[in-house]
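Here's the structure, in structure tokens; my notes come after.
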Amino acid sequence: INTALRDAVVTANCLVPALRQRASPAELDAAAARVQELRGPEVLEVQRMQALPPRLVLARAWWAEPLRLIPELLRFGFVRARAGRALAHFAFGTTEVKLEV
């Protein structure tokens with residue numbers, strides 16, 4: 001949901017000015033391309049982070065067994081603090097997004 005909200009803010013910032021100026025279809029396409037340019041890298045990063053836990057937990061390699069202890073380790077504050085930085089990308093994204101229109 002957070003990613004979708006951030007997408008909506010960036011889309012509004014790019015498309016609303018073009019729509020207010022009654023932009024041509026080519027200008028609207030350029031505005032939409034700008035949305036993709038701005039949001040694409042962050043969305044790819046979030047997708048990469050989302051794909052990692054299942055790969056690690058479901059792996060059959062010898063090193064996967066200790067990773068299955070992570071949920072138990074998250075009960076400890078210092079572990080939560082370290083994990084919190086990585087999880088903040090999901091909550092707050094990797095770039096600053098501000099509604100400007």
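The values are calculated or read from the model by the stated rules, or taken from the named source; none is laboratory data. Predicted model, so just to flag it, every value in this text is computed and none were measured. All Cβ positions, even for glycine, are placed from backbone atoms using ideal geometry, and neighbour counts span all protein chains on display. Surface areas here come from the heavy atoms of the whole protein model, side chains and all, with no ligands, DNA or RNA. Shrake-Rupley method; radii C 1.70, N 1.55, O 1.52, S 1.80 Å.
Any idea how far apart Arg75 and Gln50 come out in nm if each label point goes 7 Å out from Cα toward Cβ?
The two pseudo-label positions are separated by 3.0 nm.
FRET efficiency for Val57 and Glu37, Cβ-Cβ distance as r, R0 = 35 Å, nearest 0.05?
Approximately 0.55, to the nearest 0.05.
Excluding ligands, DNA and RNA, what is the solvent-accessible area per residue of the chain at a probe of 1.4 Å, expressed in Å²?
Here the residues of the chain average 77 Å² of exposed surface.
Within the accessible area of the chain, what % is carbon and sulfur when the probe is 1.4 Å and the other protein chains stay in place?
Its accessible area is 63 percent carbon and sulfur atoms.
Kindly express, to the nearest 10 degrees and within the range 0 to 90, the angle between helix 2-20's C-alpha long axis and the longest C-alpha principal axis of the chain.
Here the helix axis deviates by roughly 10 degrees.
Hey, what's the Cα Rg ratio for the chain versus the globular rule of thumb, 2.2 N^0.38 Å?
It is 1.50.
Between Ser24 and Arg85, what length comes free when the chain is fully extended (0.36 nm per residue of separation minus the Cα-Cα distance, one decimal in nm)?
Answer, rounded to one decimal: 17.7 nm.
What number in nm² do you get for segment 49-101 if you take the convex hull of its Cα atoms and divide its surface by four?
If I average the Cα hull's projected area over directions, I get 5.0 nm².
Just to be sure I understand: with springs between alpha-carbon atoms less than 10 Å apart, which residue in Pro25, Pro53, Pro17 has the highest mean-square fluctuation in the Gaussian network model of the chain?
For the chain, modelled as a Gaussian network with Cα springs under 10 Å, the answer is Pro25.
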